[in-house]
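J.: Quick one: the structure is below, questions incoming.
The values are calculated or read from the model by the stated rules, or taken from the named source; none is laboratory data. Everything numeric in this text was worked out from a predicted model, so none of it was measured. Backbone-built Cβ (ideal geometry, glycine too); neighbour counts: all protein chains shown. Side chains included, ligands, DNA and RNA excluded: accessible areas come from the protein's heavy atoms. Shrake-Rupley method; radii C 1.70, N 1.55, O 1.52, S 1.80 Å.
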Amino acid sequence: MAAHEPAAEEQIERELERLEAIERFAPPPDFQAHALIRERSIYEQGARDPLSFWADQARRLSWSEPFEAVLDDSDPPFYRWFHDGKMNVSYNCLDRHVLAGRGDVVAYHWRGEEGQERTLTYAELLAEVKRFANALRDLGVREGDVVGIYLPMVPEVVVAMLACARIGAVHNVVFGGFAVEAVRERMAVSEAKALVTVDGSARRGAIAPVKAAVDQILPELPALEHVVVVRSKGGDCPMQAGRDHFYDELIERADAECEAVALDAEHPLFILYTSGSTAKPKGIVHSSAGYLTGVATTHRIVFDLRSAADEDDRGLPPDVYWCAADVGWVTGHSYIVYGPLANGATSVLWEGAPDYPHRGIWWELIERYRVSILYTAPTAIRACIKWGAQWPARYDLSSLRLLGSVGEPINPKAWLWYHKVIGGERCPIVDTWWQTETGAIMITPLPGITETKPGSATLPFPGISAEVVDEHEGKPLAGGQGLLVIDRPWPSMARTLYREGERFVETYFSRFGKRTYVVGDAARRDADGYFWVIGRIDDVVNVSGHRLSTAEVESAIVSHPDVAEAAVIGQHDEQTGQAIVAFVTLRADYQGADPEQEVRDLVGERIGKFARPKRVIWAEDLPKTRSGKIMRRLLRDIAEGRALGDVTTLRDPEVMQALAEHVAQARAAEAD
Ligand code: PRX
């Protein structure tokens, strides 16, 4: 690793202080001169007549049967958008670009961890999608069937998603960092018929044998008839005749022609499981046309995208866009796959981690592919700050013209560093607030017109209506902190929870009636009406942009036979936003040698390594109310070293004293 250059770091610190004093940032004039949106009237259009605003956006897509109806709101919160129209998402993402003569435009510059490269044009991607769609059909997959996808960041993950969309199968992607146990649960509850996975996946030079691990869960999945294995990292992997098939062999045998099926606008496009307040993940269901309308519109407008598909060149070359998320999260679905492809964009797809083979790899890729738009998460920016500005300084980042942030509130220091060191003070930053449930970006600057303030996602996107309300009656607040709600339907909203309609209503639309979507975040608005999202109000934690439920982690920990009880909280963390802290009570007769390691390993096995607790604190007992409910608020106070709130409702107030001592011991041990 290169030596630190303290003088340069000090100079950056001084410059960040200078920028901090500015507080608000107007769109850079050079950027503004070529921006797609230069008029504020777009907000008025969205506010005056949101339905015609969204209908206009939906008409930018190709329809096999145009819609007449825009919104059916007769049965809230089960809204339907454009429901009398028919279309196909894969046709919109691929065929229409190829048919318009843009088959040679690059859809993805894929780059493997070891430096391998593969360029996929729209024509090539379409050809492979058609074949794989036929292959899925040959395996018996039909419209409405669920297909699981458990793949790393290889081009085949995009092919598999679009092939499902082409034939009306519903994909259920599981992030590659989840353990197979999480895959089992998600396949079981969705009754997936087929699973597309990989022989092995590369991570920081090591190869994980994915297929062998998947084999452990297959006996428990009776509905799963077929497993498709992408050959990625070579090596032998066990294959069972009749059930397991290599992707390349299927593609070779499959017919090359496959017409996109005209599907109802409301046909489900995918299920994506996300964490909520309970241990059971929620299967968020997204639609076809409304979802695609939302992601295509926001991708074009928020990122100011200039693609080969645009007639007006605005004096700009086509962008090279890079969303550095993983395709297994909603950010990847919406802004690596569907939004960019619907817009005919050219994207970068990077297989690896941000620090392998070296800590400058992202900047090397930006230089190599002349990336002009970068979309990433604050946690990644904070890691780069820690590694030092000398890494980006080695590469030419002058191609960048816009930066995006997503996943958690961005702290002003990270914002300013991103602006200065990566953006060279010439790139606007779009801090985009949204969720798995919202499908698309909801609160965000429009880069050509919105003044930004570091840490604020600014204003709702045109056509979106958000409020901060008081927690009791749901009345809009003039100032102060309250609950973030969205009080008007929007096309890319989740349609339901898979096979759990009641839970959908209860989780999101019960507090203030069936027309108000309660987001689950606390927020405040400032005097300019800007939104400042503070964080979750439920038992959801956000670790490095990964959404986890404390209940899910607790249930993994208590599955250890020697654990009597566990309570998990999210604690503020400099690096990862929040870190998981587990308070654990062991059974009196515990015999093991290293309970902390065992607990962490167990969480790794049952959920995934990214969910392992950063700290495990032993507790003789946990603070409980007289009715036996664990008071997590007190655990959070104690973990963050705050003065304890009211403890009079505790069954046994002594418990807190003992816990405080354990926390102090754990801290001292870490400091050593
Ligand atoms: O708490 C908010 C936070 O991430 C949550 C949604 O997580 P998930 O469904 O996994 O989707 C993440 C990527 C869209 C939100 O409830 N969050 C997301 N973006 C921001 C944010 N918090 C503050 N600012 C953001 N820009």
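J.: Output the number of the condition that Ala566 fails; it satisfies all remaining conditions of (1) open to solvent by less than 30 Å² (accessible area, probe 1.4 Å); (2) within 16 Å of the ligand (Cβ to nearest atom).
T.: (2)
J.: Picking from Arg137, Arg142, which residue would you name as being under 18 Å from Val228 (Cβ atoms), open to solvent by 40 Å² or more (accessible area, probe 1.4 Å) and in a loop (DSSP other than H, G, I, E, B)?
T.: Arg142
J.: Name the pairs whose Cβ atoms lie under 9 Å apart, with the first residue in region 322-339 and of a type in the set (A, V, I, L, M), the second within 11 Å of the ligand (Cβ to nearest atom) and assigned to a helix (DSSP H, G or I), and 6 or more positions between them or separate chains?
T.: Filtered contacts from region 322-339: Ala325/Thr331; Ala325/Gly332; Ala325/Tyr335; Val327/His333.
J.: Is it the case that region 38-48 has a residue that's open to solvent by 20 Å² or more (accessible area, probe 1.4 Å), closer than 30 Å to Glu367 by Cβ and of a type in the set (Asp, Glu)?
T.: no
J.: Taking the condition of being open to solvent by less than 10 Å² (accessible area, probe 1.4 Å) and assigned to a loop (DSSP other than H, G, I, E, B), how many residues in region 304-340 meet it?
T.: From region 304-340, those open to solvent by less than 10 Å² (accessible area, probe 1.4 Å) are 304-305, 307, 319, 321-323, 327-328, 332-340; that's our starting set.
Within this subset, residues satisfying the condition of being assigned to a loop (DSSP other than H, G, I, E, B) are 304-305, 307, 319, 327-328.
Number of matching residues: 6.
J.: How many residues, within region 448-471, are open to solvent by 10 Å² or more (accessible area, probe 1.4 Å), assigned to a loop (DSSP other than H, G, I, E, B) and more than 9 Å from the ligand (Cβ to nearest atom)?
T.: Result for region 448-471: 9.
J.: Is it the case that region 586-606 has a residue that's of a type in the set (Val, Ile, Thr), open to solvent by less than 70 Å² (accessible area, probe 1.4 Å) and touching a residue at least 60 places away in the same chain (Cβ under 8 Å)?
T.: Taking region 586-606 first, the residues of a type in the set (Val, Ile, Thr) are 599, 603.
Next cut, open to solvent by less than 70 Å² (accessible area, probe 1.4 Å) only: 599, 603.
In the following step, the residues that additionally are touching a residue at least 60 places away in the same chain (Cβ under 8 Å) were identified as none.
No, the conditions are met nowhere in region 586-606.
J.: All but one of (1) closer than 29 Å to Glu225 by Cβ; (2) touching a residue at least 60 places away in the same chain (Cβ under 8 Å); (3) part of a loop (DSSP other than H, G, I, E, B); (4) open to solvent by 10 Å² or more (accessible area, probe 1.4 Å) hold for Lys130; state the number of the condition that does not hold.
T.: (3)
J.: Next question. Mind listing whichever residues of region 376-418 are within 16 Å of the ligand (Cβ to nearest atom), open to solvent by less than 10 Å² (accessible area, probe 1.4 Å) and assigned to a loop (DSSP other than H, G, I, E, B)?
T.: Ile410
J.: Follow-up. Any chance you could count how many residues in region 21-71 are touching a residue at least 24 places away in the same chain (Cβ under 8 Å) and of a type outside the set (A, V, I, L, M, F, W, C)?
T.: Residues meeting the conditions: 19.
J.: I would also like to ask the following. Considering only region 625-644, state which residues are in contact (Cβ under 8 Å) with a residue 24 or more places away in the chain and under 16 Å from Ala551 (Cα atoms). Please lay out each step first, then the result.
T.: We begin by selecting, within region 625-644, every residue in contact (Cβ under 8 Å) with a residue 24 or more places away in the chain; these are 625-626, 630, 632, 635-636, 638-640.
Once the filter is applied, which keeps residues that are in contact (Cβ under 8 Å) with a residue 24 or more places away in the chain and under 16 Å from Ala551 (Cα atoms), region 625-644 yields Ile630, Arg632, Leu635, Arg636.
J.: Can I ask one more? May I ask you to say which residue of Asp75, Asp56 is assigned to a helix (DSSP H, G or I) and either open to solvent by 50 Å² or more (accessible area, probe 1.4 Å) or farther than 17 Å from Thr121 by Cβ (or both)? So that I can check it myself, show each step before the final result.
T.: Working: Asp75 fails: assigned to a helix (DSSP H, G or I).
Being assigned to a helix (DSSP H, G or I) and either open to solvent by 50 Å² or more (accessible area, probe 1.4 Å) or farther than 17 Å from Thr121 by Cβ (or both) holds for just one of Asp75, Asp56, which is Asp56.
J.: Next up: Of all residues in region 168-224, which are assigned to a helix (DSSP H, G or I) and of a type in the set (A, V, I, L, M)?
T.: So in region 168-224, the residues assigned to a helix (DSSP H, G or I) come out as 180-190, 210-220.
Matches in region 168-224: Val180, Ala182, Val183, Met187, Ala188, Val189, Val210, Ala212, Ala213, Val214, Ile217, Leu218.
J.: Further, regarding this structure: Can you name every residue in region 497-524 that is within 14 Å of the ligand (Cβ to nearest atom) and open to solvent by 30 Å² or more (accessible area, probe 1.4 Å)? It would help to see each step written out before you state the result.
T.: Just the residues of region 497-524 that are within 14 Å of the ligand (Cβ to nearest atom), to begin with: 497, 507-508, 517-524.
The answer is Thr507, Arg524.
J.: Check Val430 against each of (1) surrounded by 22 or more Cβ atoms within 10 Å (Cβ to Cβ); (2) under 30 Å from Val189 (Cα atoms) and name the one condition it does not meet.
T.: Of the numbered conditions (1) surrounded by 22 or more Cβ atoms within 10 Å (Cβ to Cβ); (2) under 30 Å from Val189 (Cα atoms), the odd one out for Val430 is (2).
J.: Which condition breaks for Gly474 when tested against (1) more than 16 Å from the ligand (Cβ to nearest atom); (2) crowded, with 21+ Cβ neighbours inside 10 Å?
T.: Against the list (1) more than 16 Å from the ligand (Cβ to nearest atom); (2) crowded, with 21+ Cβ neighbours inside 10 Å, Gly474 comes up short only on (2).
J.: State whether the residues of region 179-197 include one that is in contact with a strand residue (DSSP E or B) (Cβ under 9 Å, 6 or more places away or on another chain), on the phi > 0 side of the Ramachandran plot and not small (Gly, Ala, Ser).
T.: Yes, region 179-197 has at least one match.
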